[in-house]
Each structure stands twice: as structure tokens, then as C-alpha cells.
1. Whether any residue in the range 257-266 is in contact with a Gly (Cβ under 7 Å, 6 or more places away or on another chain) and either in the same structural domain as P322 (by TED's automatic domain parsing) or aliphatic (A, V, I, L, M) (or both) is what I want to check.
2. Within the range 223-238, is there a residue that is within 30 Å of A282 (Cβ to Cβ), touching a Phe, Trp or Tyr at 6+ places or on another chain (Cβ under 6 Å), touching a residue at least 24 places away in the same chain (Cβ under 8 Å) and aliphatic (A, V, I, L, M)?
3. Does Y319 count as hydroxyl-bearing (S, T, Y), touching a helix residue (DSSP H, G or I) at 6+ places or on another chain (Cβ under 8 Å) and either part of a helix (DSSP H, G or I) or under 23 Å from Y204 (Cα atoms) (or both)?
4. Just the residues that are surrounded by fewer than 16 Cβ atoms within 10 Å (Cβ to Cβ) and part of a strand (DSSP E or B), please, taken from the range 194-243.
5. When the residues of the range 48-83 are filtered to those that are charged (D, E, K, R) and out of contact with any Leu (no Cβ under 8 Å at 6 or more places or on another chain), which remaining residue is surrounded by the fewest Cβ atoms within 10 Å (Cβ to Cβ)?
6. Looking for something over 30 Å from P76 (Cβ atoms) and at pLDDT below 90 - is there at least one such residue anywhere in the range 305-322?
7. What is the residue count in the range 276-316 for residues that are out of contact with any Leu (no Cβ under 9 Å at 6 or more places or on another chain) and over 27 Å from N203 (Cβ atoms)?
8. Which members of the range 248-267 meet the condition of being on the phi > 0 side of the Ramachandran plot and modelled with pLDDT of 90 or more?
Amino acid sequence: MLSLQIEPNDFNSKLASLMLRNGLEVSRTNFVKLLTMLQGTDKSSAMQEASVLLLMKGIDSPEAVKVLGQYLSENPALASQMVAMQEAVGNLNSALGMGKGLMDAALISQLSALLSQFDETFQTISNKFSTKGTIFNRGSALSDVRALKALLQGLQNKTPSSDSAEAQAFSSALMEFQGKLDGVMQNFIAQAILSQSGRSEVNYHYQQIPNTMFTPPKDFEIVVKREGEGPEATINPRNTQVVMSMETENMGKMVISMIVKDNKVYVIFVFNEKNYGEQGRALIARDFGEFQQKLADKNFLITGYQVKVDPAMCSIRPYLIPMLPRLEDLLKRIDIEA
């Protein structure tokens, strides 16, 4: 490592260790790229992980590191962000009603109608997975949020200055709503960055979906591996890995990893506590026949399954940022390839 001619300190040593853990060549070129990407950040563990992950995807943008590093550090929940967004819409609508004398009545009426339409859109996004089991269009949602924020910024610039209580309430509600919009935009952008094509071990699609089957709403996270590497790689439903992370009502956090090869599927259920694992093992054994039949109806054969208690792997993050040795590549390989 000293041959890299980069000052050997604790930070550089940790960064080199992170590169090795993720299978990224510890070369001077890669080291310089990572240090350049980390400039202007707090160089926290989340920022380091983001920089290594992005480099494995062929991205060396410092701005992307900041967005992704913040996402990994805060792990924002889209479900709660959507709820907060709807509350902010309600607050802004109330402020508009109080400040009718601040702007043209027709403009206020049009803006109120537009906010109501966006409120319905947010509710649709929040409900779509729980009611239809489908994934909403993230790109379209991001475009809508950007357009609304641009409109509100223009409106703020045209609002006459006033010290009245109505004007202050409107300005506060407007700023609050724009802040909520910023949070959702950053979430969507970080998800899009994580979904970028790259080397085979990080070439996956990632999506976080609000699941309103819970009160308050929780998130349902999905990772789907692409076949091969680079921008030409696509998701092959007969050669992939699907990882789903979710909150359960009685057994805490749960991860389901399905490794698919041809028409064979091996399933790994991961829980974060021993008691949850024992409870989950009993429930899975009871309902496994039905699960097998549902997959058989789609021409997939389950070769077996495991139930594991592993707090470290009971989240989506270890799958987004692969660790060596690759646990999922080693588990029951014979069962899949036999």
C-alpha cells in the first residue's frame, strides 16, 4: 500500500480496507479518484461507502457522493416523507385560505386546485403498492415534484412582502412545503443513483416503496440483480436475485432473498432476533406449501429454503454494498445448480 505514495494514516487505511472488502482494486488511480470525490464532505463512513459504491458503478461525481452519502447516513423513509408531504399540503392550503388578500383570488383558487391534485398524487403513490402490488414510476414522480417546487419558488418570489400574521403564516407554510419537496427529491435521486448500472456485483435495480398496510406507513425495499455488468446488462427473470426488506407486524424487520437460476429458486428468510426467527420458522413451514404452489404456477421450482437470524444481514444495505466474501453466493450453491 505504501507504493501508492499516499500518506499512510488512519483514514487512508480505512478507505483501503473498504476498497478491499468490496473487491475494488487498491490502486493509486482509484485512491486518487476516491479522495477527489470525498473532498467537501465530512468523510464519514457513509460518504466513504458511497464513494466506493459509485466508483464500482463507474461514477466519479463528488455531487453524487454527497447525495448518496447523505441517503446512506440518514436512510430516509419514503413512506414517512409522503405523510409529511401531505401534512405540508394541508398547512399550505390553510395558509392560502387565511391570506386571500395577499394574491389574486383566481391565482389562489388555481393553486389550491393544483395542491389538491398533488395531494391525490402523493396518496396514490403511497397506496399503490399496498392496493395493487405494483411499483410506481419513480422518474415521473420526480418530474412532478420538481415542477411543483419550481412553481412554488416562482410564487414565493411574487408574493408581496408583509408583516401581517397571514403573510407570515403563508411564507412559513410555503417554506415548509418546499423543504418537504426537497427531501423527497433527494430520496428519489439517491434511489436512481443506486439503480445505476455498474460492475456485476453492484449491478441492480433498487426501489423503496411506501407500504400503507401499516399505521404509520412503513417502507418496502426491493433489490433486483441485473445479469452481467455495464449499461447493456438487463434483468433476466431466470438468472437473478431478488431481495425484499420489510417491516412485519409481529416479527420486526425481515429480509427475503430469492436466488433464481433457470427455473429453480432458493429462498433465504432473515430475521434480526432469535425469537422472531423461531416464530418465523414455524409460520414459514406452515405456509410453505402454498408458497411453493404459487411459484409452481409461474413455472418456478423451489429447491429449498433457510431461515436465519442475522441482525447484520437483516436490512437491505449489505446487499446494496456487497461485502466479501459474498454470503449470498456461497449459501446453498449446490441446491441451486444441482
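1. Yes, some residue in the range 257-266 is in contact with a Gly (Cβ under 7 Å, 6 or more places away or on another chain) and either in the same structural domain as P322 (by TED's automatic domain parsing) or aliphatic (A, V, I, L, M) (or both).
2. Yes.
3. In short, yes.
4. Within the range 194-243, E227, T234, N239 qualify.
5. Looking at residues that are charged (D, E, K, R) and out of contact with any Leu (no Cβ under 8 Å at 6 or more places or on another chain), I get E63.
6. Among the residues of the range 305-322, not one is over 30 Å from P76 (Cβ atoms) and at pLDDT below 90, which makes the answer no.
7. Qualifying residue count, the range 276-316: 22.
8. D262
The values are calculated or read from the model by the stated rules, or taken from the named source; none is laboratory data. For clarity, every value in this text was computed on a predicted model and none was experimentally measured. When we count neighbours, we look across all protein chains shown, and the Cβ atoms used for this are built from the backbone with ideal geometry, even at glycine.
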